[in-house]
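J.: The structure is given below, and queries will be raised subsequently.
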């Protein structure tokens, strides 16, 4: 009888699929962290007539995102892989680019809409792989994240309507 390694997950998902899912989740973690940092930056630096509303809205958003970072990283670890955790790794993996300077309030909203939507797309791209691997915990996590990002993007887009 072949002895299993205690350090290697034996959860019914192949090593190859676990590695591929972890890579995909690492991209989601990178986008999520970049979105978190962008939102927190905008919270600190927003100005103008909508200061109070946007300052509070951004705080709610970055607080929710902070909690999500841990959930994504812990799922990567549960799959038996290290989670990326440095700015260098996040910049390499993220599809979202950092915003330079201090945009005007409504430009901040536009940047956040684009970043929320990009993060939802990154999560959605993983479904074919996790469906094939029969990975329900990751599917559940992705469904929850997509729902949050799409709803947040909708709420932010509503601010841009005339």
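Where a number appears in this text, it was derived from the coordinates with a stated rule and is not lab data. Note that the coordinates shown come from a computational prediction; the quantities given were computed from them, not determined experimentally. Methodologically, a virtual Cβ is constructed for each residue, glycine included, from the backbone with ideal geometry; neighbour enumeration extends over all protein chains shown.
J.: Report the residue, chosen from 82, 103, 49, that carries the largest GNM mean-square fluctuation when the chain is represented by alpha-carbon nodes joined by springs under 10 Å.
T.: 49
J.: Please identify, among 109, 99, 148, the residue showing maximal mean-square fluctuation in a Gaussian network model of the chain using a 10 angstrom Cα cutoff.
T.: Maximum fluctuation in the GNM of the chain, among the listed residues, is at 99.
J.: Could you compute the FRET efficiency for residue 140 and residue 92, with r as their C-beta to C-beta distance and R0 at 35 Å, rounded to 0.05?
T.: Between residue 140 and residue 92 the formula returns 0.80.
J.: Okay, next question. Could you state the per residue volume, in Å³, of the convex hull enclosing the Cα atoms of region 15-160?
T.: 92
J.: Let me ask something else about it. Taking region 24-96 on its own, what percent of its Cα-Cα pair distances exceed 15 Å?
T.: Counting pairs separated by more than 15 Å, the tail of P(r) holds 56 percent.
J.: A follow-up question, please. Please give the Cα centre distance for region 51-101 versus region 114-162, rounded to the nearest Å.
T.: Computed from Cα coordinates, the inter-centre distance equals 14 Å.
J.: So what is the 222 nm mean residue ellipticity for the chain from helices alone, if each DSSP H run of at least 4 adds -39500 (n - 2.57) and you divide by all residues, rounding to the nearest 500 deg cm²/dmol?
T.: -25000 deg cm²/dmol
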